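Working notes, structure below.
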Amino acid sequence: MSETKKDKPLIIAGPCSAETEEQLLTIAHSLKKTTVDVFRAGIWKPRTRPGNFEGVGEIGLKWLKRVKEETGLKTAIEVANPKHVELALKNDVDVLWVGARTTASPFTIQEIANSCRGIDNLVLVKNSINADLPLWIGAIERFYGQNHTNLGAIHRGFSSFEKTKYRNIPIWEIPIGLRQEFPDLPLIFDPSHIAGERSLIYELSKTAMALNFNGLIIETHNDPDSAWSDSKQQVTPENLLSMLNDLLNKKEVLTLNPSTEKLLELNFRLDTLKDQLGDVFIKKRKLIDQVESKKIKK
Ligand code: PEP
Ligand code: MN
């Protein structure tokens, strides 16, 4: 992974979506000459339902080129098909990532992997939305199968039917399982899409650093509340840099032993059950109140 110095975690930051040229430049200038290595911005946005902001498209690549020229930061975008790969390369984008919705489709992954044959850009493969380790492994294998070895993986959590405090649950055993399969594959942590809420990002990142993840990708916006996508989970550049300062310099020691990840998972399940119990009691109270008010009216 040439993007990072040995032993320093790879730090990727920038907005969920490129919105305007000015927005990208403002954010990028506040991240230059810091511990941030790569500037991220989504150009084409995969949205669960049509009608939401679907990205600025190709014009955003010109803006990213300017970001690179003015700040010296490397750039990263999401690619979801071979055309995206071609346009990214044409516009000197350094790092490509494959999104969670794309990893779920082996056909699309194969097409993207084929289009990456012979390039040396770092490609980061996010886990699929569903908690399926073999699907993630399979996506990585498809890139290796095309002799693309400048690879990494991004843990962005898993969609869950259960209601929890996270937007996507971490299920730490899965990225740890991926590491067992590919011990040398850099593993990057995406607390933004796991948290779904900015106040949870720091704690999650602390756990990831303690588990020896090789980097972080954190959505960063100059005016998070007004962001055109994922507004609740984005942090300001000031907030990001102060978190990174703590995370990278005061790394908390959490002894890694075989039961650590199991313990994290069990604690998480316990917290989730407590939240669900709380919800059930609230719903029960509301129903009792409704029944009582009907009785009084009779
Ligand atoms: C993103 O990085 O903005 C994104 C859409 O992520 P994911 O594919 O993890 O949902
Ligand atoms: Mn996002």
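Principal-axis analysis of the Cα atoms of the chain puts helix 106-115 at an angle of about 20° to the longest axis. With respect to the chain, whose longest principal axis is taken over its alpha-carbon atoms, helix 21-31 is tilted by about 90°.
Residue-wise HN-Hα couplings along the stretch 187-195, as the Karplus relation 6.51 cos²θ - 1.76 cosθ + 1.60 with θ = phi - 60° gives them from phi, are 10, 9, 10, 10, x, 4, 7, 6, 5 Hz; Gly and Pro carry x.
Helix 201-210 and the long axis of the chain differ in direction by around 70°, with both axes built from C-alpha atoms. Under 5 Å between amide hydrogens, built in the peptide plane, is the criterion, and for Leu122 it picks out Leu96 among residues at least 5 positions away or on other chains. Separation of the stretch 260-297 from the stretch 161-205 is 25 Å, based on Cα centroids. Our summary gives the stretch 13-77 a relative contact order of 41 percent, counting only alpha carbon pairs under 8 angstrom and 6 or more residues apart. Distance between the modelled labels on Thr20 and Leu270, one decimal in nanometres: 4.9 nm (7 Å Cα→Cβ projection). In the elastic network of the chain, a GNM with C-alpha springs shorter than 10 Å, the most mobile of Trp97, Trp228, Trp136 is Trp228. How many percent of DSSP beta bridges within the stretch 1-154 run antiparallel, rounded to 5? Just about 0 percent of them are antiparallel. Listed values for the stretch 64-81 are Karplus-derived 3J(HN,Hα) couplings in whole Hz (6.51 cos²θ - 1.76 cosθ + 1.60, θ = phi - 60°), namely 5, 5, 5, 3, 5, 5, 7, 10, x, 6, 6, 10, 9, 9, 8, 10, 10, 6, and x replaces Gly and Pro. Potential lengthening of the chain between Ile282 and Thr260 amounts to 4.6 nm, from the contour at 0.36 nm per residue minus the alpha-carbon distance. Local charge for Ala227 was computed over the other residues whose Cβ lies under 13 Å away, with Lys and Arg +1 and Asp and Glu -1, and equals -2. Quick check on the chain: of the DSSP beta bridges with both residues there, what percent are antiparallel, nearest 5%? Restricted to the chain, the bridges split so that about 5 percent are antiparallel.
Quick check for you: which residues of the stretch 71-93 have the amide N under 16 Å from the point 7 Å beyond the Cα of Glu58 toward its beta carbon? Only 80-93 pass the distance filter. In this label model, Gln146 and Lys65 are separated by 2.3 nm, measuring between points 7 Å along each Cα→Cβ vector. Taking all protein chains as they are arranged and a probe of 1.4 Å, the heavy atoms of Lys62 leave approximately 110 Å² accessible to solvent. When you restrict to C-alpha pairs under 8 Å that are six or more residues apart and normalise by the size of the chain, the relative contact order lands at 16 percent. Among Ile43, Ile59, Ile282, the residue with the largest mean-square fluctuation in a Gaussian network model of the chain, with springs joining Cα atoms closer than 10 Å, is Ile282. Between amide H atoms placed 1.01 Å from N, distances below 5 Å from Ser128 occur with Trp136, all of them 5 or more places distant or on a separate chain. Proximity of backbone amide H atoms, modeled 1.01 Å from N, is registered between Ser17 and Gly42, Ser229 at under 5 Å, excluding neighbours fewer than 5 places apart on the same chain.
Fully extending the segment from Ser159 to Asp92, taken as 0.36 nm per residue of separation minus the present Cα-Cα distance, adds 20.8 nm. A 1.4 Å probe, protein heavy atoms only, puts the accessible area of Lys286 near 130 Å².
The values are calculated or read from the model by the stated rules, or taken from the named source; none is laboratory data. The shown structure was predicted, so the numbers you read here are calculated from the model rather than taken from an experiment. As a convention, Cβ positions derive from the backbone with ideal geometry for all residues, glycine included, and neighbour counts pool all protein chains shown. Protein only, heavy atoms only, side chains kept; ligands, DNA and RNA dropped before computing areas. Shrake-Rupley method; radii C 1.70, N 1.55, O 1.52, S 1.80 Å.
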